[in-house]
Amino acid sequence: MNRQALIEGIWERDATTWTGSDEAHWLGWLDEPLHVQEGLDDVRRFAEALHDEVDDVVLCGMGGSSLAPEVLRRTFAVDWFHVLDTTHPRAIRALEEKLDPERTLFVSSSKSGTTLETRSHTDYFWEQTGKRAQQFCAVTDPGSELEHLARERGFRGVFLGEPSIGGRYSALSPFGIVPAVLMGVDAGRLLERAQEMREACRSGEGNPGYELGSRFGTGWQEGRDKICIGAASGDFGLWAEQLIAESTGKHGKGLVPAPGESPDGADRQAARAELPDPYALGAELFRWEFAIAVAGAYLEINPFDQPDVQAAKDKTNEVLATGKEPHLEPESSIDELLAQAQEGDYVCVQAFVDPSTDLDPLVARLRSDSGLVVTHGYGPRYMHSTGQLHKGGPNTGLFLQVIDDPGDELPIPGKPFGFRRLIRAQAAGDLETLKERGRRVARVRLEDL
């Protein structure tokens with residue numbers, strides 16, 4: 001593949017660099033480190049005004065709206081900033097117990113403005129705070145339902161994103177930068193590092209984004225489709241998982257992100273985030289975004305669409321529409337699932353459990369028993385992250401769904417269902433979608449492991 005032509009094609013917004021469809025409409029991320037800097041003073045003033053009024057910040061978001069803030073939170077060790085991207089009733093109750101509702105800012109973050117989980121969290125805390133609009137702000141795209149809701153309710157602030165950026169490419173847009181400012185991070189410094197990397201990614205030689213993406217793409221062509229991301233401060237792999245999986249996992253192709261897995265194996269390649277200091281995160285976010293755009297050209301796919309994500313959402317809505325809580329029973333077993341393994345497969349743990357549950361012992365057991373790469377994620381978070389790869393990527397996954405008892409129902413204002421029924425419907429809908437796609441699946445109870 002011609003290096004110069006590929007780099008120039010990306011910067012010239014040439015859709016034929018990939019598949020010639022709508023790629024040119026989704027390249028706003030190339031310039032966003034410059035554009036978002038222009039509105040930074042407004043965000044800083046908003047944050048400064050909260051200084052004496054707020055002890056905690058809760059970000060309600062999923063996927064692209066939650067993963068970059070979570071990595072920022074971990075990187076800069078901000079323990080009073082909380083990212084809520086679960087529908088598990090026990091987890092929501094546990095968070096609520098930590099908060100003084102009168103001294104908490106709730107950030108409702110959704111590009112589409114219609115994300116079911118985020119809207120449910122927002123409405124729940126709207127009621128719990130006594131509908132105090134001054135304790136809410138929204139980050140969303142212009143004209144979305146969430147923007148209209150925030151204006152109607154009189155939210156303290158509304159920050160608008162750039163519509164030409166998809167969720168997984170939004171880390172250096174208001175969806176990542178507004179949370180960063182609220183954490184007390186020097187967002188200007190973070191963006192300066194991103195801008196330096198942006199300039200480096202324009203060059204023909206020594207282009208860090210191209211080099212990484214070309215390595216991913218060449219490795220994929222050679223059968224090394226598992227990207228084993230080395231451990232890094234802030235759990236960088238949490239964010240990179242979505243970027244890689246949702247961008248490349250489609251039409252039976254895909255790179256499989258595997259944070260923490262050994263790169264030793266014929267189907268694997270090593271990758272590492274270069275983070276000599278916390279603010280280097282700004283540069284790495286851009287480098288990896290550019291790299292995956294490059295890798296998409298090698299895979300000959302559109303890295304900016306997500307054709308298979310909606311299926312599981314639709315199936316969840318079908319389950320909810322029955323008006324009944326789904327009856328989730330074990331299906332197959334771990335041994336039966338692993339007995340179907342073939343060379344080049346991977347195991348994926350999809351855990352619809354309290355996110356405080358330690359999955360490491362299960363992951364270690366599966367790795368030992370199978371000899372395969374093992375990935376894992378908490379539901380429903382992973383449905384907004386790696387779910388596209390699971391349904392649209394190569395049929396090389398062995399999917400183990402883990403469920404627990406979510407506890408008593410927790411009502412969602414204005415909905416005929418609560419969070420307990422929602423998370424169980426999401427588990428039911430996702431497994432059914434995987435089965436419809438001919439994927440190999442099993443479901444087990446946490447207490448039986």
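The values are calculated or read from the model by the stated rules, or taken from the named source; none is laboratory data. All of these numbers come straight from a predicted model, not from anything done at the bench. Note that each Cβ is placed from the backbone with ideal geometry, even for glycine, and that neighbours are counted across all protein chains shown. These area figures cover heavy atoms from the full protein model, side chains too; ligands, DNA and RNA do not enter into them. Shrake-Rupley method; radii C 1.70, N 1.55, O 1.52, S 1.80 Å.
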* Asked: How large is the accessible surface per residue of the chain, computed with a 1.4 Å probe and reported in Å² as a whole number?
  -> 37 Å²
* Mean projection area, nm², convex hull over Cα of the stretch 402-449 -> 4.0 nm²
* **Stokes-Einstein translational diffusion, the stretch 220-304 - Kirkwood Rh over all Cα pairs, 0.692 mPa s, 37 °C, in µm²/s** => 251 µm²/s
* In the chain, what % of DSSP beta bridges are antiparallel (nearest 5)? -> 5 percent
* Asked: Hey, got the dipole for the stretch 316-412? About the Cα centre, +1 on K and R Cβ, -1 on D and E Cβ, debye to the nearest 20?
  -> 440 debye
* **Residue among Gln310, Gln340, Gln242 with the largest mean-square fluctuation in a Gaussian network model of the chain, springs linking Cα atoms under 10 Å** => Gln340
* Descending semi-axes in whole angstrom, ellipsoid equivalent of the stretch 316-370, from the Cα gyration tensor -> 28, 16, 10
* Percentage relative contact order, the chain, counting C-alpha pairs under 8 Å, at least six apart -> 18 percent
* FRET efficiency estimate (nearest 0.05) - Cβ-Cβ, Glu331 to His251, R0 35 angstrom -> 0.80
* To do: Wrap a convex hull around the Cα atoms of the stretch 144-246, take a quarter of its surface area, and give that in square nanometres.
  => 9.0 nm²
* **log10 of Debye I(q)/I(0), alpha-carbon scatterers only, for the stretch 68-203 at 0.10, 0.18 Å⁻¹** => -0.35, -1.09
* Viscosity 1.306 mPa s, temperature 10 °C, Stokes-Einstein D of the stretch 56-137 from Kirkwood C-alpha radius, µm²/s -> 124 µm²/s
* GNM top mover of Glu289, Glu38, Glu211 - the chain, alpha-carbon springs below 10 Å -> Glu38
* Asked: For the stretch 1-94, with only Lys/Arg (+1) and Asp/Glu (-1) charged at the beta-carbon, what is the dipole magnitude about the Cα centre, in debye rounded to 20?
  -> 480 debye
* In percent, what relative contact order does the stretch 339-406 have, based on Cα pairs under 8 Å that are 6 or more apart in sequence? -> 54 percent
* Once the dipole of the chain is set up with Lys and Arg at +1 and Asp and Glu at -1 on Cβ about the Cα centre, which of Gly418, Asn2, Leu95 lies farthest towards its positive end? -> Gly418
* **Quarter of Cα convex hull surface for the stretch 371-423, i.e. mean projection, nm²** => 5.1 nm²
* Hey, what D do you get for the chain in µm²/s if you plug the Kirkwood alpha-carbon radius into Stokes-Einstein at 37 °C and 0.692 mPa s? -> 148 µm²/s
* Asked: Roughly speaking, what is the stretch gain from Glu53 to His148, that is 0.36 nm per residue apart minus the C-alpha to C-alpha distance, in nm to one decimal?
  -> 31.7 nm
* Asked: Roughly how many debye, to the nearest 20, is the charge dipole of the chain about its Cα centre, given +1 on each Lys and Arg Cβ, -1 on each Asp and Glu Cβ, and no other charges?
  -> 500 debye
* With r defined as the distance between the Cβ atoms of Ser356 and Asp31 and R0 fixed at 30 Å, what FRET efficiency is calculated, to the nearest 0.05? -> 0.15
* Residue separation times 0.36 nm, minus the C-alpha to C-alpha distance between Gln134 and Leu449: what's the value? -> 108.9 nm
* So how do 394-405, 49-60 stack up, highest first, on mean other-Cβ count within 10 Å? -> 394-405, 49-60
* **Computed [θ] at 222 nm, helices only, for the chain once each DSSP H run of length n ≥ 4 contributes -39500 (n - 2.57)** => -13000 deg cm²/dmol
* Structure fact -> Residues of the stretch 108-133 with backbone N under 13 Å of the label point set 7 Å from the Cα of Trp80 along Cα→Cβ are none
* What is the gain in length, in nm to one decimal, between Lys98 and Ser368 on full extension, counting 0.36 nm per residue of separation less the C-alpha to C-alpha distance? -> 93.4 nm
